[in-house]
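What follows is a short report on a single structure.
Values in this text are rule-based calculations from the coordinates and carry no lab data. All figures in this text were calculated on a predicted structure; none of them were measured in a lab. All Cβ positions, glycine included, derive from the backbone under ideal geometry; neighbour counts span all protein chains shown.
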Amino acid sequence: MLTMLNRIVPRSAKGSFWLGFSLCLSAGLFIIFVISPLTGVSKRFGGPGHDGYLEIANNIASGNGFVCEPGGPPACCPPFYPLLLSIITPLPKVLQRPCLIIVQSIMVGGATFLIFHIATYLFSVLVARIAITVFLLNPWIYWNAKNPMTPITQLFLYILFVFLIGRSFLSVFKGADDLSYKRKKYVEWLAIGITGAALILAHGAMLATTVILLFILFVTGIIRRNYQLITTSVLSGVIIILLVAPWTYRNWVAFKRFIPVAGNAGFVYIQGIQHWSISGEDAQREGETFRMAALRYLGLEGSRSDYIQCYGFKDPNIDAAFDKKMIEHIKTHPDLFLKKVLLNSVEYYFPTLTYPFLAVKVFTKFQVEQLVLTIFHLILWTLTIIGFWRNRKDKRQWLSASLMLVAIMLYAIWYFPFVTFIGHSLYTLGTMPYLAILAARGIISNKAVD
């Protein structure tokens with residue numbers, strides 16, 4: 001393995017960027033130009049299964065507004081990604097997907113660049129190079145890079161935000177010189193604020209994550225009596241509010257409700273309850289999609305298209321009704337809520353293990369993918385545990401590894417209570433940089449080697 005590292009994996013962050021970018025670009029183009037024509041797999045670009053981001057982007061570029069179809073009701077989903085896609089949708093259709101792959105390959109390259117920096121600072125260059133290898137061995141990175149969905153963008157924005165917050169946090173203890181970067185104060189809080197706002201507007205689940213990380217920065221500044229850290233956290237928060245507030249106001253005007261980023265919280269919660277057999281009579285039935293099961297729960301009849309657009313509702317009152325049902329269900333069935341959180345937390349990384357608890361058990365090729373996903377994650381977590389055990393007496397190594405675990409938890413935990421179905425790669429990609437670093441630490445000996 002060390003021989004392969006020396007030949008392939010760079011020793012610098014810049015080289016890591018180009019490796020990640022070129023691999024993702026090559027794999028993405030190979031999938032759409034070779035694998036897809038030969039097998040018929042993944043020919044669809046946008047449409048059902050892609051949550052309507054491309055359709056909204058097309059309407060933005062055409063001047064129709066933030067809607068799923070011309071003249072339709074306003075869409076209630078995070079705006080960042082459709083706005084990003086609207087840059088490429090004016091291009092001829094034959095060029096749109098390759099251009100998307102280029103954009104998302106740049107983000108993958110950016111992620112590998114940051115992985116190298118984080119792993120080198122917390123551990124060693126060797127850990128960084130192994131982490132890059134582990135990260136880029138994940139096939140779901142390349143599979144998602146060709147699709148008009150948010151996982152790659154969210155992955156990049158999250159690691160960038162963690163990196164910016166982390167270096168401010170660690171500068172209190174190590175000093176700016178030790179972090180090998182020079183900064184101007186206003187550049188720091190501008191970067192954190194803009195990145196944090198983009199992350200929130202890319203996925204509503206990241207709102208709580210961003211607030212918690214800024215709060216940690218603020219409290220650390222108070223405890224350490226570091227005026228710069230306090231200023232950075234407060235001014236970054238102000239920038240985030242200024243950038244997110246216009247979208248929240250738009251939602252208030254469009255839907256007459258306070259929706260910070262996106263709706264559908266109650267809808268996906270009810271779907272998630274019905275996803276499991278523990279919900280009894282309310283569970284999803286044979287031949288019924290989980291979305292139709294949720295509509296049945298609310299007493300709505302008809303087809304999916306009668307109510308749903310781009311995975312949101314045409315009528316905002318239905319969305320509000322689902323939110324009320326969610327709150328009511330949590331209050332009246334706290335046991336089911338806790339069981340769902342437990343099942344979702346296992347399904348997040350190990351979907352094969354929760355298969356017996358599904359309301360509808362149909363073995364398809366998707367379960368094969370879940371088995372591979374489960375094995376892949378199991379290997380990474382096993383290596384992570386080995387790394388913790390080997391370094392159990394090294395407080396610095398424990399602290400560094402614990403920071404990676406915090407980054408994983410702050411990303412993942414919001415999916416456990418509310419998301420419908422998380423047994424696929426979309427929701428775990430954002431945690432892969434930190435899990436790759438932890439796995440790399442488990443691969444080498446208990447002494448960091450540069």
Kindly point out, ordered by number, any Cys in the chain whose beta-carbon has no other cysteine beta-carbon under 4.7 Å away. Cys24, Cys76, Cys77, Cys99
How far apart, in nanometres, would the label points at Gln367 and Val125 be if each is projected 7 angstrom from Cα along the Cα-to-Cβ direction? 4.9
Length released on extending from Trp18 to Arg225, taking residue separation times 0.36 nm less the Cα-Cα span: 70.5 nm
Arranged from highest to lowest average of other beta-carbon atoms within 10 Å per residue, in what order do the peptides 237-243, 148-154 appear? 148-154, 237-243
So, in Å, what gap is there between the alpha-carbon centers of the stretch 317-358 and the stretch 237-316? 14
Against the globular-protein guess of 2.2 N^0.38 Å, express the Cα radius of gyration of the chain as a ratio, rounded to two decimals. 0.99
What FRET efficiency comes out for the pair Val234/Val406, r = Cβ-Cβ distance, R0 = 22 Å, nearest 0.05? 0.50
If I fit a long axis through the Cα atoms of helix 206-224 and take the longest principal axis of the Cα atoms of the chain, what angle between them do I get, 0 to 90°, rounded to 10? 40
Tell me the label-point distance for the pair Asp335, Thr248, using the 7 Å Cα-to-Cβ offset, in nm and rounded to one decimal. 3.8
Of the stretch 312-338, those with amide N under 17 Å from the point 7 Å along the Cα→Cβ vector of Lys256 are 313-324
Over 23 Å between C-alpha atoms is what I'm after, so list which of Lys14/Lys395; Lys339/Lys361; Lys314/Lys340; Lys256/Lys331 land there. Lys14/Lys395; Lys314/Lys340; Lys256/Lys331
Indicate the gyration tensor shape class of the stretch 323-409 (rounded, prolate or oblate), computed on the Cα atoms with a ≥ b ≥ c the square roots of the eigenvalues: a/c under 1.5 is rounded; otherwise a/b larger than b/c is prolate and the rest oblate. oblate
Checking the stretch 197-255 for trypsin sites (Lys or Arg not before Pro) in a loop per DSSP with at most 13 other beta-carbon atoms within 10 Å yields Arg225
Helix 151-174 against the longest principal axis of the chain: what's the angle in degrees, Cα atoms only, rounded to the nearest 10? 40
Summing +1 per Lys or Arg and -1 per Asp or Glu among the other residues with Cβ less than 15 Å from Glu347's Cβ gives +2
Let me have the relative contact order for the stretch 151-260, percent, based on Cα pairs under 8 Å that are six or more residues apart. 28
Which length gain, in nm to one decimal place, applies between Leu137 and Ile241 when the Cα-Cα distance is subtracted from 0.36 nm times their residue separation? 33.7 nm
In degrees, nearest 10, range 0 to 90: what is the angle between the Cα axis of helix 265-275 and the longest Cα principal axis of the chain? 80
To the nearest 500 deg cm²/dmol, what mean residue ellipticity at 222 nm is calculated for the chain from DSSP H runs of n ≥ 4 alone, each contributing -39,500 (n - 2.57), summed and divided by the residues? -21500 deg cm²/dmol
Everything considered on the Cα gyration tensor (a ≥ b ≥ c; rounded for a/c under 1.5, else prolate if a/b is larger than b/c, else oblate), the stretch 265-332 must be described as oblate
Highest mean packing first, using Cβ neighbours within 10 angstrom, the peptides 124-133, 29-38, 254-263 sort as 124-133, 254-263, 29-38
May I ask for the net charge around His329, where only other residues with Cβ less than 13 Å from the Cβ of His329 are counted and Lys, Arg are +1 while Asp, Glu are -1? +1
Label-to-label distance, nm, for residues given as Ser42 and Glu286 (7 Å Cα→Cβ offset): 3.4
How do the peptides 386-394, 89-97 rank, highest first, by the average count of neighbouring beta carbon atoms within 10 Å per residue? 386-394, 89-97
Relative contact order for the stretch 265-332: what percent, with Cα pairs under 8 Å and sequence separation of 6 or more? 39
Give me, ordered by chain and number, the residues 5 or more places off Gln309 or on other chains with an amide H under 5 Å from its own placed amide H. Lys314
